[in-house]
Amino acid sequence: NVPNEVLYITAGVDVQDDRLETLVVGWGLGEQSWIIDFRQFWGNPAINSVWDQLYNYLRTPMGNRMINSSGVDTGGHHTQRAYQFVKANLHFRFKAFKGSSTHGNPIAPLRPSRNNKGKVPLYTIGVHAAKDLIFSRLRVDTPGPGYMNFNQVCDAEFFSQLTSEVKEKYYSGGQTLYRYKKIENRRNEILDLFVYALTALKIDNPNL
């Protein structure tokens, strides 16, 4: 179900060696967010049928609404296949993402690069800035701007993955810097997926 307050819907897609995962997020005024759905499509991403399942899902109405924009991670072992998937569906606002841990990078770059083997528009996204924003919003406890709403698909494993990284201090070249480190024995796909869904929203910048 998509709440009436949702004005825009984005999806994040993560590519693993044995599956594709997607998280669908709805956005309202002040970027209040609603988790709408989480799905896994099992199979080797080198096989077209797995991508076909993902495509059919992302083009299925959510209630009476369509997903407006989708961000696909291209940094794994199936980069070229991810490029092909995005390139074939640019008209549906599918976007190719590559994460960057460089400090100071914004969540959403102003423009993509085409300097890649797939010649696809590729957005290098600032994962540190995105995670900073996500973790700050997890502390918002009053519905309204920035508040994050969760539903029945969000089980204990979902929250374990969403909160699977911690910010730690380190020193380099005489500077004090920060980075995110995954907690041992925790998976972090949900956190990555939310980063991609958030970034898709930031790139489109709809007038909510």
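The values are calculated or read from the model by the stated rules, or taken from the named source; none is laboratory data. Model, not experiment: these values are computed from the prediction. Positions of Cβ are generated from backbone atoms using ideal geometry, with glycine treated the same way; all protein chains shown enter the neighbour counts. Surface accessibility is based on the protein's heavy atoms, side chains included, excluding ligands, DNA and RNA. Shrake-Rupley method; radii C 1.70, N 1.55, O 1.52, S 1.80 Å.
Taking the protein heavy atoms of the chain in the context of the full set of protein chains, the accessible area attributed to carbon and sulfur is 47 percent at 1.4 Å.
Which of the pairs LYS119/LYS202; LYS87/LYS182; LYS87/LYS181; LYS98/LYS202 have their Cα atoms more than 26 Å apart in this structure? List each step's numbers first, then the result.
On the way: LYS119/LYS202 23 Å; LYS87/LYS182 31 Å; LYS87/LYS181 32 Å; LYS98/LYS202 15 Å.
Exceeds cut-off: LYS87/LYS182; LYS87/LYS181.
Each label point was placed 7 Å from the Cα along the Cα-to-Cβ direction; for LEU29 and THR124 their separation is 3.9 nm.
In this structure the chain gives 51 Å² per residue of accessible area when probed at 1.4 Å with all protein chains present.
Helical content of the chain, expressed as a calculated mean residue ellipticity at 222 nm, amounts to -8000 deg cm²/dmol (DSSP H runs of 4 or more residues, -39,500 (n - 2.57) each, divided by residue number, nearest 500).
Where does the charge balance sit around GLY63 when Lys and Arg score +1, Asp and Glu -1, over other residues with C-beta under 15 Å from its C-beta?
Cβ neighbours under 15 Å give a net charge of 0.
Comparing ALA82, ALA46, ALA156 in a Gaussian network model of the chain (Cα springs below 10 Å), the most mobile by mean-square fluctuation is ALA156.
Can you give the charge dipole size of the chain about its Cα centre, rounded to the nearest 20 debye, using +1 on the beta carbon of Lys and Arg and -1 on the beta carbon of Asp and Glu? Numbers along the way, then the final one.
Working: 24 positive and 19 negative charges, 165 e Å.
Charge dipole of the chain: 800 debye, to the nearest 20.
Accessible area per residue was computed with a 1.4 Å probe on protein heavy atoms; ARG19 scores about 20 Å².
When nucleic acids and ligands are ignored and a 1.4 Å probe is applied, TYR57 ends up with an accessible area of around 20 Å².
Computed over the Cα atoms of the stretch 11-111, the ratio of the radius of gyration to the Kirkwood radius (Rg/Rh) comes to 0.97.
Accessible surface ranking for VAL195, VAL140, 1.4 angstrom probe, highest first: VAL140, VAL195. The GluC sites (Glu not before Pro) of the stretch 84-179 include none that DSSP puts in a loop with a beta carbon having at most 10 other beta carbons within 10 Å.
What does the net charge come to around ASN149 if you take all other residues with beta carbon closer than 14 Å to its beta carbon, with K and R at +1 and D and E at -1?
Details: positive: ARG137; negative: GLU5, GLU31, ASP37, ASP141.
Within the 14 Å Cβ shell, the charges total -3.
Among the trypsin sites (Lys or Arg not before Pro) within the stretch 45-143, those in coil by DSSP and having at most 14 neighbouring Cβ atoms inside 10 Å are ARG59, ARG114, LYS117, LYS119, ARG139. Rg and Dmax over the alpha-carbon atoms of the stretch 137-208 stand at 15.2, 47 Å. Please compute the net charge surrounding VAL25, taking Lys and Arg as +1 and Asp and Glu as -1 over other residues with Cβ under 14 Å from its Cβ. Cβ neighbours under 14 Å give a net charge of -3. With θ taken as phi - 60° and the Karplus curve 6.51 cos²θ - 1.76 cosθ + 1.60 applied, the whole-hertz 3J(HN,Hα) list for the stretch 149-166 is 9, 10, 10, 6, 6, 8, 8, 4, 5, 4, 5, 4, 6, 5, 10, 8, 10, 10 Hz, x standing for glycine and proline.
Extending 7 Å from the Cα toward the beta-carbon at both GLU5 and SER160 defines two label points whose distance is 2.9 nm. Among ILE125, TYR55, SER70, which residue has its Cα positioned farthest towards the positive end of the charge dipole of the chain, with +1 placed on the Cβ of Lys and Arg, -1 on the Cβ of Asp and Glu, and the dipole taken about the Cα centre? Value: ILE125. Working note: Karplus 6.51/-1.76/1.60 with θ = phi - 60° gives the stretch 13-18 the couplings 10, 10, 10, 10, 5, 10 Hz, where Gly and Pro are set to x.
Karplus-based coupling profile of the stretch 90-101, in residue order and whole Hz: 4, 5, 9, 6, 7, 10, 8, 10, 9, x, 10, 9, with θ = phi - 60° in 6.51 cos²θ - 1.76 cosθ + 1.60 and x standing for Gly or Pro.
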